[in-house]
Every structure is written in structure tokens, then in C-alpha cells.
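Peer 1: One structure, as C-alpha cells, below. Some questions next.
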Amino acid sequence: MLAPFLIMLREGLEAALIVGIIAGYLRRTGRAAWLPAVWIGVFLAIAAALFAGAALQLASASFPQKAQELFEGVIGLVAVAVLVWMVFWMRRAARSMKSTLHASVEAAVGGGAWALIGMVFLAVAREGLESIFFLLAVLQQSRDAMAPLGAALGVAVSAGIGWGIYAGALRLDLARFFRWTGVFILFVAAGLLAGSLKALHEAGVWNGLQARVYDISHILPETSPLGTVLAGVLGYRDAPTLGEVVVYAAFLTVMLVLFLRPDAAAAPRRHSVRDLT
């Protein structure tokens, strides 16, 4: 439950920041009449993400067993790639997000309402499609029955935070928030990567490094309450193969070093919500 909650909280907050920046800029520049176009773009983006998720889920349900395992492995790999891209992109792009979106709004307004709808749709749909891949990967690999509830709560909390940001009633240290949620998401991504390797083995695509490193399923099984939490948050496996351990450790070591190293360009200034909205 915790992993889907934090992933959707972060994704939802990114989308809320984008919408808040656009709506706030239109309001401050005396163009509040354009706001309905913003909300249309948001709703269309949400609908597109839900449609894409439902289509992928329905398509996979008709696959034979090995094809389903292959699908799970591929979705997991895509989710890992997008998760990594997301945390590093936000680390870099937060500094210029406001100016970039303002320029995009000016260009879109010059093209009319449909141009603004399209601009908002593309910006929000990217976050929505990222979320769909994360949720599909997490739900396919998770044994936590509360995972969908965690995802829904994450969306709800991010929507509340987004409204507080837009109304000017809430401050948030974005640099710290995205830094520490980024670290957490890299742990989730490492677990997804190891789970994808397992799925590819079950699909018959990967058969190397299958020796068991340890087996503590009799002490802390993945199906136990604590095992379920650890599996969802840290990618815990009660009987991992050598390949899963190597992939998990190598990925996490490299990504954490790259992500936590000092960013000289960002050092002079920390960003709060008001800096971006």
C-alpha cells in the first residue's frame, strides 16, 4: 500500500504543479476566462490515461500464461525506465519548470482555446501515462491487496495539496520532497527490476543466474503482513535468485550514487511551491 501511495502522491503532485502553474499564470495575467480550457485538457488527459490502462489490462488478460509473464516483465522494465527518467528529470527540470510552462501557455493562447487544451492535455497525459505503467507493474508484482487503495489515497492527497498550492494556502519544500521521494522510488524501481527478471525467467526468456542465494520463506514469507510491506517498499524476496540480487544491488548502487551526488547548478537556491507557482 505504501509504494503505490507514494508513487501516486509524487506523480499527482507533479501534475498538480503543472496545472497550478498554468492556471495561476492565466489568472495573474488577466486571462481567467481561459481556465475552462485548462480543466478540459486535464479531464481529457485523465480519461486517456484510464483508457490506456484499461486497454492494456484487458489485452493482457487474454494472453496465455507465458505471454502474460512476458507482458509483466516488459511492463516492469518500461516502468523502471520511466521511474528513473522521472526522478532525474524532475531533479533537473524543477529549476526551469515555471518559465517553460509560461512560455508554452503564451504560445498556446496565441493559437486559440484548442491549442491551450492540447498543451494542457499533453503535459498532464504524460504524468497520467507514467502513472498507469507504474501501477500496472506494481499491481502485477505485488501481493498487497491494499495496493489499489494506496494508489487512490495518493491521488486524493496530491489533489488536496494541489488545491492548497493553487489557493496559496500551502507551502512545500519541493527540493526536499522530490529528493527523498526520489530515493524511495529508486528502491521501488530496483524491486520492480528484480521482479521483471523473475517474470522473464518464467516466460522462458531469461534462464541465467538462477541459483538461490538464500531461502528464508519459513522465517519471513513474502505473503506475511511484514513481508508484503517489505516487498512493496523495498522489493523484498524471501528466496531470490542470484540474478535478482545482482540486478537489484547493481541498479540501486549506481542510481543512488548518481541521484544523490551534489548538483552544482541547483546548489545556490532551494525551491518552494511559491517559487514555481
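Peer 1: What order do you get for 29, 241 when you list them from fewest to most C-beta neighbours inside 10 Å?
Peer 2: In order of increasing Cβ crowding within 10 Å: 29, 241.
Peer 1: Only counting other Cβ atoms within 10 Å, I'd like 216, 185, 161 sorted with the fewest neighbours first.
Peer 2: Values: 216 13, 185 23, 161 20.
With the sparsest Cβ surroundings first, the list reads 216, 161, 185.
Peer 1: Using the number of other C-beta atoms within 10 angstrom as an exposure proxy, rank 89, 34 with the fewest first.
Peer 2: Going from sparsest to densest Cβ surroundings: 89, 34.
Peer 1: When the chain is fully extended, how far beyond the present Cα-Cα distance does residue 129 get from residue 258, taking 0.36 nm per residue of separation?
Peer 2: Additional length available on full extension: 43.9 nm.
Read-outs throughout are calculated quantities, based only on the coordinates presented, and are distinct from any laboratory measurement. This one's a predicted model, so the numbers in the text were calculated from it and none came from an experiment. Virtual Cβ from ideal backbone geometry, glycine too; neighbours counted across all protein chains shown.
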